[in-house]
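Chemist: Sharing a structure here in structure tokens format.
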Amino acid sequence: MPSIVPIALITGRPMDSINMYLILDDPVTLIDAGLPDQKTYDLLEQTLSKYKLDVSHIQRIVLTHVHPDHVGITSRLQEKSRAKLYMHPLEWHKLKNGQADNVHLYQWTGIPDDYRIDTHKTSAYEKHLPEITSFIDHGDTIPFSAFSLRCLHTPGHCSGHICLYEEKTKCLFTGDHLVPHFSPALLVEPGSCGIEDRTPSLSQYMESLQKISSLSLLVAYPGHGKPFENIPELINHKNKTIPEKLNRIASFLNQKPQTVYSITTQMILELPPSLAFFACGDTLAYLDYLQREGRAQSRIDHSQIQFFTPER
Ligand SMILES: [Zn+2]
């Protein structure tokens, strides 16, 4: 049976914590690698020392996705341990091209320029790109000595997000697909033609929820917050709140085309600049879904999307 050690970097609300999971088996494996900072590194070292291990003993790192609070100290760990690195190919594509923060969303949604977060500042700690060993996709298994983790491709929060399932103990590492106390934003990403074929993140997310709901599950280990057991309840709650949120967003549409930022600031009256990116990305995912349902129309002007009620 897997010996799972949760390692939580406490952050306070809304995330509560940024989690890494150490699996003490052969090979010693880390799922997600925290933030790219010294605090993460120190916390991991302290935890490993309780088991008479150090960072050089980490043989494998698996990333649920490549947002900065999950890639964290990966490349630094690889320098010390030569750990193998596994992730979904779509995530590697973004990391390699420096798009892990999905800068396109700022342009598309009309977020004011001075609200942009300087992502270079946060990634300065990690100077090199990690070295990828293996791509993993839906259905692939990651073997250990006496059990294995099965990869489930669960796009929605981002295009190459994965969850990892252990059949014997019925546990699931959910990354940011399912988090107990808040809903991670569904971030729309560009396709090969850019804005025109952006990801349908809400429909993807709903399909990914279906994938998880068919599993037999006892405990979930999320990317943020504490491990939790009421998994079907949480999935039901999501299935209920998604149509409510679609209706709410639809109620802000009118004949005049509006940017995603403008619609978002009507929904969230005092939108803090630090959350504008996530909130607007999420609103865009819902607006795209409304458009597919025939409840919204959009036009693209200078790579910016504007939404309005459909002409009858
Ligand atoms: Zn996260």
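Chemist: Return a yes/no flag: does the range 182-196 have any residue that is touching a Lys or Arg at 6+ places or on another chain (Cβ under 8 Å) and within 19 Å of E166 (Cα to Cα).
Modeler: Applying the first criterion (touching a Lys or Arg at 6+ places or on another chain (Cβ under 8 Å)) to the range 182-196 yields 183, 188-191.
Narrowing further to those that are within 19 Å of E166 (Cα to Cα): none.
Within the range 182-196, none of the residues are touching a Lys or Arg at 6+ places or on another chain (Cβ under 8 Å) and within 19 Å of E166 (Cα to Cα).
Chemist: Has the range 10-24 got any residue that is more than 16 Å from the ligand (Cβ to nearest atom), part of a loop (DSSP other than H, G, I, E, B) and more than 23 Å from K96 (Cα to Cα)? Don't jump to the end; show me each part of the working.
Modeler: Residues of the range 10-24 that are more than 16 Å from the ligand (Cβ to nearest atom), as a first pass: 22-24.
Checking which are part of a loop (DSSP other than H, G, I, E, B) leaves us with 24.
With the extra rule that they be more than 23 Å from K96 (Cα to Cα), the set shrinks to 24.
So far as the range 10-24 goes, yes, one or more of its residues are more than 16 Å from the ligand (Cβ to nearest atom), part of a loop (DSSP other than H, G, I, E, B) and more than 23 Å from K96 (Cα to Cα).
Chemist: For the range 183-190, indicate whether the set of residues that are in contact with a helix residue (DSSP H, G or I) (Cβ under 9 Å, 6 or more places away or on another chain), open to solvent by 40 Å² or more (accessible area, probe 1.4 Å) and in a helix (DSSP H, G or I) is non-empty.
Modeler: no
Chemist: Looking at V62, V55, which is the one that is over 20 Å from G223 (Cβ atoms), aliphatic (A, V, I, L, M) and open to solvent by less than 20 Å² (accessible area, probe 1.4 Å)? Talk me through it step by step, then tell me what you get.
Modeler: Details: V62 fails: over 20 Å from G223 (Cβ atoms).
After applying the criteria, what remains is V55.
Chemist: Tell me yes or no: at least one residue of the range 94-101 is away from the ligand (no atom under 16 Å from the Cβ), part of a loop (DSSP other than H, G, I, E, B) and among the acidic types (D, E).
Modeler: So the first thing to find is which residues in the range 94-101 are away from the ligand (no atom under 16 Å from the Cβ), and the list is 96-99.
Filter once more, keeping what is part of a loop (DSSP other than H, G, I, E, B): 97-99.
With among the acidic types (D, E) added as a condition, the list becomes none.
No: zero hits.
Chemist: For G34, only one of the following conditions fails: (1) within 14 Å of the ligand (Cβ to nearest atom); (2) in contact with a His (Cβ under 6 Å, 6 or more places away or on another chain); (3) among the small types (G, A, S). What is its number?
Modeler: Failing condition for G34: (2).
Chemist: What residue, among those in the range 48-78 that are part of a helix (DSSP H, G or I) and of a type in the set (K, R), is nearest to the ligand (Cβ to nearest atom)?
Modeler: Filtering the range 48-78 for residues part of a helix (DSSP H, G or I) gives 48-50, 55-57, 68-71, 74-78.
Imposing the further condition that a residue be of a type in the set (K, R) reduces the set to 50, 76.
Details: K50: 25, R76: 19 Å.
The residue in question is R76.
The values are calculated or read from the model by the stated rules, or taken from the named source; none is laboratory data. Since we're looking at a predicted model, the values are computed, not measured. Cβ: placed from backbone, ideal geometry, glycine included. Neighbour counts: every protein chain shown. Surface areas here come from the heavy atoms of the whole protein model, side chains and all, with no ligands, DNA or RNA. Shrake-Rupley method; radii C 1.70, N 1.55, O 1.52, S 1.80 Å.
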